[in-house]
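S.K.: Encoded as structure tokens, here's the structure I'll be asking about.
Please treat every number below as a calculation from the coordinates, not as lab data. Quick caveat, the model's predicted, so the values are computed rather than measured. All Cβ positions, glycine included, derive from the backbone under ideal geometry; neighbour counts span all protein chains shown.
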Amino acid sequence: MLGRIVRIIEVFGPDTPALGVSELARRADLHVATASRLVERLVGYGWLQRDADRKVRIGVRLWELASRASPTLPLREAAMPYLEDLHAVVRHHTQLAVLDGDEVLFLERLSARHAVINLTRIAGRLPLHASSSGEVLLAHAPAELQERVLSGPLPAYTRFTVTDPKVLRARLADIRRDGYALCPGYIDERATGVAVPVRGPGGAVVAALGVVVPNDDNARATIPALRATALGIARSLTQ
Ligand code: PHB
């Protein structure tokens, strides 16, 4: 029963916000009658909700519960005022991400009108090798995770994505030494991601703070502001 409920909830992805019950049943590999009964109960609890056209979506109650997820809540609360200040200065996408499994998970993203294209979404994921936040987190990840990513497939998003494990390994060393990752055109040729590590009370890297700016010569100019902001977040995490 629990497994079936999990399957229903997990059918909803970033590109699948709403579904009819029969399509939901198909994707969750359940009989329509079973899916329909479980959906009704979940709607009753507010974990799912129905649109005017009867399509099913994740309910606000589930969002409310998930927003309390540990350990992301203290991090987001500490980081938000700093993220807003950085956003006011940089005036481009500003985002906060953590390592989750073998991917980077974005906790927050502040956007800007007329800002450059950005694939990141709040609660969205990207592979570690292809984004600046991902590279920062990978550079400070346990060795076994680094080796797993380096030996796995490194799919290209553009002709600039680093897909050679040797090049990626050298980049990770540079990122640890320089304290930032700069990824021009890795995910979309028009955008550059720039990210720095955010350290927790013990000095370990707990998050990546990044911006997505146009792919031009000005991208580097964001590094001092990113560093100052990451220090501010680290200080407020230790208080
Ligand atoms: C990045 O973090 O490098 C990044 C993320 C999303 C984009 C572009 C770059 O759309």
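S.K.: Out of Ser67, Gly101, Ala115, whose Cα points farthest toward the positive end of the dipole of the stretch 66-116 (charges: +1 Lys, Arg; -1 Asp, Glu; placed on Cβ)?
M.R.: It is Ala115, whose Cα lies furthest towards the positive end.
S.K.: For the stretch 139-203 and the stretch 104-129, what is the centre-to-centre distance using only Cα atoms, to the nearest Å?
M.R.: The distance from the Cα centre of the stretch 139-203 to that of the stretch 104-129 comes to 16 Å.
S.K.: Give me a comma-separated list of calculated 3J(HN,Hα) values for the stretch 75-80, in order, Karplus coefficients 6.51, -1.76, 1.60 applied at θ = phi - 60°, integers in Hz, x for any Gly or Pro.
M.R.: 5, 4, 5, 5, 7, 4
S.K.: Moving on. May I ask for the longest run of the chain untouched by trypsin sites (Lys or Arg not before Pro) that are loop-located per DSSP and have at most 15 neighbouring C-beta atoms (other than their own) within 10 Å?
M.R.: 1-53
S.K.: Arrange the following residues from fewest to most other Cβ atoms within 10 Å of their Cβ: Phe106, Phe160.
M.R.: Taking fewest neighbouring Cβ atoms as first place, the list is Phe160, Phe106.
S.K.: Something else about it: Can you tell me, using C-alpha contacts under 8 Å and at least 6 residues apart, the relative contact order of the stretch 70-238 as a whole percent?
M.R.: For the stretch 70-238, the relative contact order is 23 percent.
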